[in-house]
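A.B. asks: Structure incoming, see below.
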Amino acid sequence: MNLFNIISELEKVDPEIMDRLTHRRSALTALGDISKKMALAAAPIAIGSAFNKAVGQQTLGDANAVLNYALLLERLEYDFYVQALAAPTLAATLTGADRTAITVIRDHENAHRTLLAAALGANAAPAPSRFDFGNAFATYGSFLTFAQAFEDAGVRAYKGQATNIPRTLNPTVGGNVVNVLTVALQIHSVEARHAAHVRVMRRAPAAGSQTIFPWIINGDANGAPAPVYGAGNPVATFPAEGNLSQGGIMSLATGLGATYTAEDVSAAFDEGLDNTTVVGIAGPYVRA
Amino acid sequence: MSNNLKKDSDEAAFAKPLYVPIKRRSFFMYAGATAGATALLLSGCEDDDGGGMTTPGTVNLGSGDVGVLNYAYALEQLEAAFYAQVVATPYTGISTDERTALTAIAKHEAIHRDFFKAAIPAASAIPGLTPNFSAVNFSDRNSVLTTARTFEDLGVGAYNGAGRLIGDTMEGKNYLLLAGKIVSVEGRHAAYIRDLLTAGSFAGSDVVNAQGLDQALTPAVVLAAAQPFIRETINGSNIGS
């Protein structure tokens, strides 16, 4: 684990990172005085924070930053499913059709990270050495809860960046000219399909037949971390999933000439999320 | 179009299964008031063999951001009318769970439709369209869900393909974000419907390619697929591609 190598890699992505890391660097230096064991235990958290600083800036400056942000999330999702499929704790429960479905999702995430890395070429950020999902794989239920959180967060993350991608960014990837915005949208809706299926799996009797639907009702987290469904920053642009206001209409429940329930209105629209909040959700699982 | 008229004529009525007249009548009750009234008016005209106004006209979606919004509005009208019918005349053997979820989807699509109607300036908005679901057997689960799958996958591909056609202005960015808020819900619907038809087909290789990408379809492809379900002729040639 070479902390300074990582920081210098981050610097390539974000030239101003040292300014932001100054405080943290002194914290890291201080760690050197403590026992090696303590430093090793604390370092992963610091690295997670460093990644937060790198790709969790208030605005992602250019298309490369947006793509590297997406790449980090796809790497995280891919690794999450690789680890789940290999987890001894899930061998008896993640079986049959469920295992097949998770394999399909894993393969999509793998394709996404490959595509994004190819689109970035030399500008691709280095991959973290590993991802640590703690006790996510302890039970089938906890695995599905994490999966729901990552997929729903992924949907929100792509949506939150769509407007930062120029319409006319058309790099050549693998010999084909691709429109980056279109590709991002194509990945975005696949993540939504994943999220829906994971939610269907959670709804099934094997996971306790929870009151949960393929869509997000009233911003309910259903046991997943609340920030996945909460408001981002700024709130006006990134409201919580329970939001009822769209396109300048204060409440779609009462403002459309027919009365709809908050449940249906909130579920009819997914919301975007800013990168700072998303990396705050994902960062703790990133290891140097 | 003449085929449609022939199918709806009195001469062919005796050959229709019972569900067709039931579906048509209840559609008027459940679909939006405007769309229902238009359907009533137009289907009344169609029964007039050789009468003056025999066929609905052409609807031009327009160009620019309004064109894209009208495009989305047209598709949402179609989906909303379809699910309103599904809820009004549930297919044989529908489970409680399916009924609950399909009722929710019907609401989502109605909200999308009403939202676009409210968001597009009245002077630029297309009128209420008249759906043609004569190819759908609403009493048959497979017929209903297969049609639903077509609509949902088509909706996802349509939004994905149209994103870059929206102007790169402040207003355009708002529209793009709004479209994004809707398309992922359509993706969730698509996955759910697909899983109902074939468990595990939520992101099958017929819609998600080897690069893990969902479809992105041009308006021309989408409108050609949607046209058989709409009585008016939709002209989307000025939206872009």
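The values are calculated or read from the model by the stated rules, or taken from the named source; none is laboratory data. Predicted model, so just to flag it, every value in this text is computed and none were measured. Ideal geometry is used to build each Cβ from the backbone, glycine not excepted, and the neighbour counts take in all protein chains shown. Keep in mind that these areas ignore ligands, DNA and RNA; they rest on the heavy atoms of the full protein, side chains included. Shrake-Rupley method; radii C 1.70, N 1.55, O 1.52, S 1.80 Å.
A.B. asks: Please find, within the range A:242-275, the residue that is nearest to residue B:180 (Cα to Cα) out of those that are more than 8 Å from chain B (Cβ to nearest Cβ) and in contact (Cβ under 8 Å) with a residue 60 or more places away in the chain.
C.D. replies: So, considering only residues that are more than 8 Å from chain B (Cβ to nearest Cβ) and in contact (Cβ under 8 Å) with a residue 60 or more places away in the chain, the one nearest to residue B:180 (Cα to Cα) is A:273.
A.B. asks: Residue check: is residue A:118 in contact with a strand residue (DSSP E or B) (Cβ under 9 Å, 6 or more places away or on another chain), open to solvent by 50 Å² or more (accessible area, probe 1.4 Å) and within 14 Å of chain B (Cβ to nearest Cβ)? Please lay out each step first, then the result.
C.D. replies: On the way: in contact with a strand residue (DSSP E or B) (Cβ under 9 Å, 6 or more places away or on another chain): yes; open to solvent by 50 Å² or more (accessible area, probe 1.4 Å): yes; within 14 Å of chain B (Cβ to nearest Cβ): yes.
When the stated conditions are applied, residue A:118 passes them.
A.B. asks: I'd like to know if the range A:190-200 contains one or more residues that are part of a helix (DSSP H, G or I), open to solvent by 10 Å² or more (accessible area, probe 1.4 Å) and more than 8 Å from every other protein chain (Cβ to nearest Cβ).
C.D. replies: no
A.B. asks: In addition: Every residue in the range B:99-125 that is more than 7 Å from every other protein chain (Cβ to nearest Cβ), open to solvent by less than 20 Å² (accessible area, probe 1.4 Å) and under 17 Å from residue B:142 (Cα atoms), please.
C.D. replies: If the condition is that a residue be more than 7 Å from every other protein chain (Cβ to nearest Cβ), open to solvent by less than 20 Å² (accessible area, probe 1.4 Å) and under 17 Å from residue B:142 (Cα atoms), then B:102 is the only one that fits.
A.B. asks: With respect to residue A:172, determine if the residue is within 13 Å of chain B (Cβ to nearest Cβ) and without any contact (Cβ under 8 Å) to a residue 24 or more places away in the chain.
C.D. replies: Details: within 13 Å of chain B (Cβ to nearest Cβ): no; without any contact (Cβ under 8 Å) to a residue 24 or more places away in the chain: yes.
So residue A:172 does not fit the description; no.
A.B. asks: Right, residue A:247: more than 24 Å from the chain's Cα centre (by Cα) and small (Gly, Ala, Ser) or not?
C.D. replies: On the way: more than 24 Å from the chain's Cα centre (by Cα): yes; small (Gly, Ala, Ser): yes.
Answer is yes for this residue.
A.B. asks: A further question follows. Taking residue B:128 as meeting all but one of (1) open to solvent by 20 Å² or more (accessible area, probe 1.4 Å); (2) part of a loop (DSSP other than H, G, I, E, B), write down the number of the exception.
C.D. replies: Of the numbered conditions (1) open to solvent by 20 Å² or more (accessible area, probe 1.4 Å); (2) part of a loop (DSSP other than H, G, I, E, B), the odd one out for residue B:128 is (1).
A.B. asks: When you scan the range B:131-156, how many residues do you find that are among the acidic types (Asp, Glu) and open to solvent by less than 10 Å² (accessible area, probe 1.4 Å)? Outline the logic, then answer.
C.D. replies: Pass one, the range B:131-156, residues among the acidic types (Asp, Glu): B:140, B:152-153.
The next check asks that each one be open to solvent by less than 10 Å² (accessible area, probe 1.4 Å); those that pass are B:152.
Of the residues in that region, 1 qualify.
A.B. asks: Shifting gears a bit: Test residue B:159 against the stated conditions and say whether it is within 30 Å of residue A:184 (Cα to Cα) and open to solvent by less than 50 Å² (accessible area, probe 1.4 Å).
C.D. replies: Working: within 30 Å of residue A:184 (Cα to Cα): yes; open to solvent by less than 50 Å² (accessible area, probe 1.4 Å): yes.
It is true that residue B:159 is within 30 Å of residue A:184 (Cα to Cα) and open to solvent by less than 50 Å² (accessible area, probe 1.4 Å).
A.B. asks: Looking at the range B:162-178, which of the residues that are more than 7 Å from chain A (Cβ to nearest Cβ) and crowded, with 24+ Cβ neighbours inside 10 Å is farthest from residue B:86 (Cα to Cα)?
C.D. replies: As a first pass, look at the range B:162-178 and keep what is more than 7 Å from chain A (Cβ to nearest Cβ): B:162, B:165-167, B:169-172, B:174-175.
Going one step further and asking which of them are crowded, with 24+ Cβ neighbours inside 10 Å, we end up with B:162, B:166.
Working: B:162: 28, B:166: 32 Å.
Once the filter is applied, the top-ranked residue is B:166.
A.B. asks: I want to confirm something. Restricting to the range B:190-218 and keeping residues that are in contact with a His (Cβ under 7 Å, 6 or more places away or on another chain) and either in a helix (DSSP H, G or I) or surrounded by fewer than 21 Cβ atoms within 10 Å (Cβ to Cβ) (or both), which single residue is nearest to the other protein chains (Cβ to nearest Cβ)?
C.D. replies: Pass one, the range B:190-218, residues in contact with a His (Cβ under 7 Å, 6 or more places away or on another chain): B:191, B:195, B:202-203, B:208, B:212.
From what's left, either in a helix (DSSP H, G or I) or surrounded by fewer than 21 Cβ atoms within 10 Å (Cβ to Cβ) (or both): B:191, B:195.
On the way: B:191: 4, B:195: 6 Å.
The extreme case among them is B:191.
A.B. asks: State all residues of the range A:56-93 that are outside any helix (DSSP H, G or I) and more than 14 Å from chain B (Cβ to nearest Cβ); if no residue qualifies, say none. Reasoning before the result, please.
C.D. replies: Taking the range A:56-93 first, the residues outside any helix (DSSP H, G or I) are A:56-62, A:87, A:91-93.
Matches in the range A:56-93: A:56, A:57, A:58, A:60, A:61, A:62, A:87, A:91, A:92, A:93.
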